[in-house]
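Let me begin by presenting the structure, written as structure tokens, before commenting on it.
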Amino acid sequence: MPIKLCVEIAKSSRGKCSLASCGRVITKNHVKIGFSSTAGPTEYQVVNGLNYTKYRHLCCVSARQISSLSLSAADIANWVD
């Protein structure tokens, strides 16, 4: 399933970083990076084609994750030139 990169400003301080070694709150008005996919970790999500996104702090995204994606600006949701 294709994975999309999503760049957003956190609207609240309710979300947490999905990096296991971090897990801290992503503070309101800070940049968060999301990796979105249509295939989920559960059977229900795969069958029903639901989208899910896991967010991380900008500093918690690894260079390997970014380099493994072949992206252009059009592939990044919410990209504004």
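The values are calculated or read from the model by the stated rules, or taken from the named source; none is laboratory data. Model, not experiment: these values are computed from the prediction. Every residue, glycine among them, receives a Cβ derived from its backbone with ideal geometry; neighbour counts consider all protein chains shown. The accessibility values were calculated without ligands, DNA or RNA, using every heavy atom of the protein model including side chains. Shrake-Rupley method; radii C 1.70, N 1.55, O 1.52, S 1.80 Å.
Summary of values
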quantity	calculated
Inter-residue pairs, beta-carbon under 6 Å, first modelled with pLDDT of 80 or more and of a type outside the set (S, T, N, Q) and in the range 23-51, second outside any loop (DSSP other than H, G, I, E, B) and open to solvent by 80 Å² or more (accessible area, probe 1.4 Å), 6+ apart	Gly23/Lys16; Val25/Lys16; Val31/Leu58; Ile33/Leu58; Phe35/Ile3; Phe35/Lys54
Residues located in the range 1-31, provided they are assigned to a loop (DSSP other than H, G, I, E, B), hydrophobic (A, V, I, L, M, F, W, C) and open to solvent by less than 60 Å² (accessible area, probe 1.4 Å)	Ala10, Cys17, Leu19, Cys22, Ile26
